[in-house]
């Protein structure tokens, strides 16, 4: 079942304690799409400038990502982000950010996208997320991501959004901020009571937590020793999760838990190299093999 | 199979953002003993002063903890620790610490303790851990804990200890320091190569990691919303783990993983109240019930 994602498409410059890459393929919708493409066809809606390399579009298309919804703004420049990771790789600082064409992004969905039944609203202004949702009347499952900036600046719009969506995905510090509670278990439960049927809290190297009315659980991250670049791990997680749900065409509790696990595993590959480089080298079989190991790890 | 623990016995003063308790029962060997007592008889070796309340000894004895090895120093004062937790409960500061009689602690094991086949060297000076080990010729499984202070001040003694023990248990920041590696997966593998057959890294609210020559895995913490006082969680984890191993009289990979899970669950109860207060109210059945939930949480 096709999956729609609306979000940022970017050129990233990444510095880690040992290395640096400039203008590599990035952005929430890109990581999401590529991660989801292991499971299902993806329709990507986003915006880039004239500086966007055609080969990046091709790379996505080769994975079955429909890029009809990728607007190219003439004379415009693509969203650029420059980040630097600290020694422990769990913390980073933004060196520079230029929203460029993303600042005026006003997504108008192609007809095929409007008919999507599985929708992911990647991190972005909540007002834009509402606009996308207005165009997705037939969606069966809508999941959104958000971040500190929008919690602080568009809180009312976000609270409204929470009553319109099925699931919210966010990281641990964002969940603490939104819920006003330092305990992640309570924070997740509080956010769920704000509207969505389920809430997922991403904890980076510590895995992810799931909250619904009936269930609270944690799944650990896959313990990879090769963390090269954590950029895009959260979006890859969401892509793997939503891709699996769309493939199955279901979101019952059991399928959701499997989807969480696939999200965790795709993300564990993403961090093993810069940009999409590691994902470019793996196939669905590699995911399945890691899934076997992961299940073995969790059974006793 | 009886289990020996040698470590600190203390009177703690604990401040959390919402509450404070003074002179409550604490210390690594105390939390360890109580946690292990759900599974096996425990022999505790430690030292206290004349100010030690007799009812605390009785409380341990009522749980089957043999306190013959608990020395009382006349005219001495018991080890006192005063800690304060920050808002997120994952960080704390030491307000005051008075080693008192623990400073001169020179454990001489009663004969019964010398014959112990399962031994835990709780956190303390590495030189003392060696002295205990010298008295435990018949031990089949020796596991030790350590901390930053000893990694920094008794590094050589610690490296030697690692070649004499079977397992090392420590928290994440200590593992990073000892291995000189920020990645916990690599850190665990490096420490294992320093001697012990297995290494356990405790990650607090994020669970625990296990490393042997053949296996690397992570188990998440049980997601409790009621974190009242994290003091003693790590020692309770070790107590639950070692208690289960001693009860089974085995430490094959499968039993070790089950033991890790029991350790995690005992610790999840410990943090739900101050001192041993929560553990005082639970029975083995409560652990088994939480184990059922925990297993369900990890299966998909």
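The values are calculated or read from the model by the stated rules, or taken from the named source; none is laboratory data. From a predicted model like this one, the values you see are computed outputs, not experimental measurements. Here the Cβ positions follow ideal geometry from the backbone for every residue, glycine too, while neighbour counts run over all protein chains shown.
Taking the condition surrounded by fewer than 17 Cβ atoms within 10 Å (Cβ to Cβ), at pLDDT 95 or above and more than 14 Å from chain B (Cβ to nearest Cβ), does residue A:98 pass?
yes
A quick yes/no check of all residues on (1) over 27 Å from residue B:255 (Cβ atoms); (2) surrounded by 17 or more Cβ atoms within 10 Å (Cβ to Cβ); (3) in contact with a strand residue (DSSP E or B) (Cβ under 7 Å, 6 or more places away or on another chain):
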{"position": "B:79", "(1), (2), (3)": "yes, yes, yes"}
{"position": "B:94", "(1), (2), (3)": "yes, no, yes"}
{"position": "B:122", "(1), (2), (3)": "no, yes, yes"}
{"position": "B:125", "(1), (2), (3)": "yes, yes, no"}
{"position": "B:128", "(1), (2), (3)": "yes, yes, no"}
{"position": "B:132", "(1), (2), (3)": "no, yes, yes"}
{"position": "B:138", "(1), (2), (3)": "no, no, no"}
{"position": "B:144", "(1), (2), (3)": "no, yes, yes"}
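When you scan the stretch A:242-257, do you find a residue that is under 30 Å from residue B:210 (Cβ atoms) and away from chain B (no Cβ under 12 Å), even just one?
No, there is no match, as no residue in the stretch A:242-257 is under 30 Å from residue B:210 (Cβ atoms) and away from chain B (no Cβ under 12 Å).
Hey, can you tell me all the residues within the stretch B:199-210 that are more than 15 Å from residue A:300 (Cβ to Cβ) and in contact with a strand residue (DSSP E or B) (Cβ under 8 Å, 6 or more places away or on another chain)?
B:199, B:201, B:202, B:203, B:204
Take the residues of the stretch B:211-224 that are touching a strand residue (DSSP E or B) at 6+ places or on another chain (Cβ under 8 Å) and farther than 21 Å from residue B:292 by Cα: which is nearest to the other protein chains (Cβ to nearest Cβ)?
B:216
Residues checked against (1) over 16 Å from residue A:203 (Cα atoms); (2) surrounded by 17 or more Cβ atoms within 10 Å (Cβ to Cβ); (3) in contact with a strand residue (DSSP E or B) (Cβ under 6 Å, 6 or more places away or on another chain):
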{"residue": "A:161", "(1), (2), (3)": "yes, yes, no"}
{"residue": "A:164", "(1), (2), (3)": "yes, no, no"}
{"residue": "A:168", "(1), (2), (3)": "no, yes, yes"}
{"residue": "A:178", "(1), (2), (3)": "no, yes, no"}
{"residue": "A:181", "(1), (2), (3)": "no, yes, no"}
{"residue": "A:185", "(1), (2), (3)": "no, yes, no"}
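Looking only at the stretch B:150-173, which residues are within 24 Å of residue B:230 (Cα to Cα) and either outside any helix (DSSP H, G or I) or within 14 Å of chain A (Cβ to nearest Cβ) (or both)?
B:167, B:168, B:169, B:170, B:171, B:172, B:173
Among the residues of the stretch B:8-32, which ones are in contact with a helix residue (DSSP H, G or I) (Cβ under 6 Å, 6 or more places away or on another chain) and under 17 Å from residue B:50 (Cα atoms)?
Of everything in the stretch B:8-32, those that are in contact with a helix residue (DSSP H, G or I) (Cβ under 6 Å, 6 or more places away or on another chain) and under 17 Å from residue B:50 (Cα atoms) turn out to be B:8, B:9, B:25.
Residues in the stretch B:271-285: is at least one part of a helix (DSSP H, G or I), over 25 Å from residue A:257 (Cβ atoms), away from chain A (no Cβ under 14 Å) and touching a helix residue (DSSP H, G or I) at 6+ places or on another chain (Cβ under 6 Å)?
Yes - at least one qualifying residue is present in the stretch B:271-285.
Could you list, in sequence order, all residues of the stretch B:83-92 that are in contact (Cβ under 8 Å) with a residue 24 or more places away in the chain, surrounded by 12 or more Cβ atoms within 10 Å (Cβ to Cβ) and part of a loop (DSSP other than H, G, I, E, B)?
Passing the criteria: B:86, B:89, B:90.
Does residue B:109 qualify as being on the phi < 0 side of the Ramachandran plot, within 14 Å of chain A (Cβ to nearest Cβ) and in contact (Cβ under 8 Å) with a residue 24 or more places away in the chain?
no
When the residues of the stretch A:236-270 are narrowed to those that are out of contact with any strand residue (DSSP E or B) (no Cβ under 6 Å at 6 or more places or on another chain) and part of a loop (DSSP other than H, G, I, E, B), which ends up surrounded by the most Cβ atoms within 10 Å (Cβ to Cβ)?
Selected residue: A:250.
Out of B:40, B:18, report the one residue that is without any contact (Cβ under 8 Å) to a residue 12 or more places away in the chain and in a loop (DSSP other than H, G, I, E, B).
Only one candidate passes the filter, namely B:18.
For the subset of the stretch A:286-300 comprising residues that are surrounded by 16 or more Cβ atoms within 10 Å (Cβ to Cβ) and within 14 Å of another protein chain (Cβ to nearest Cβ), which member is farthest from the chain's Cα centre (by Cα)?
A:300
Looking at the stretch A:189-202, which of its residues are buried (at least 20 other Cβ atoms within 10 Å of the Cβ) and either touching a helix residue (DSSP H, G or I) at 6+ places or on another chain (Cβ under 6 Å) or outside any helix (DSSP H, G or I) (or both)?
If the condition is that a residue be buried (at least 20 other Cβ atoms within 10 Å of the Cβ) and either touching a helix residue (DSSP H, G or I) at 6+ places or on another chain (Cβ under 6 Å) or outside any helix (DSSP H, G or I) (or both), then A:191, A:196, A:198, A:199, A:200, A:201, A:202 are the ones that fit.
Kindly list the number of the only condition in (1) within 9 Å of chain A (Cβ to nearest Cβ); (2) over 17 Å from the mean Cα position of the chain (by Cα) that fails for residue B:260.
The one condition residue B:260 does not meet is (2).
Look at residue B:235 and say whether it is modelled with pLDDT under 95 and touching a helix residue (DSSP H, G or I) at 6+ places or on another chain (Cβ under 9 Å).
Spelling it out, it is not the case that residue B:235 is modelled with pLDDT under 95 and touching a helix residue (DSSP H, G or I) at 6+ places or on another chain (Cβ under 9 Å).
Go over the candidates B:227, B:266 one by one and state the one that is within 13 Å of chain A (Cβ to nearest Cβ) and touching a helix residue (DSSP H, G or I) at 6+ places or on another chain (Cβ under 9 Å).
Answer to the selection: B:227.
Give the residues of the stretch B:182-210 that are at the interface with chain A (Cβ under 7 Å from one of its Cβ atoms) and in contact (Cβ under 8 Å) with a residue 40 or more places away in the chain, sorted by residue number.
B:207
Does residue A:233 satisfy the condition of being under 30 Å from residue B:211 (Cβ atoms) and either in contact with a strand residue (DSSP E or B) (Cβ under 9 Å, 6 or more places away or on another chain) or surrounded by fewer than 21 Cβ atoms within 10 Å (Cβ to Cβ) (or both)?
yes
Quickly run through the stretch B:1-54 and pick out the residues that are surrounded by fewer than 22 Cβ atoms within 10 Å (Cβ to Cβ) and within 21 Å of residue B:171 (Cβ to Cβ).
B:15, B:16
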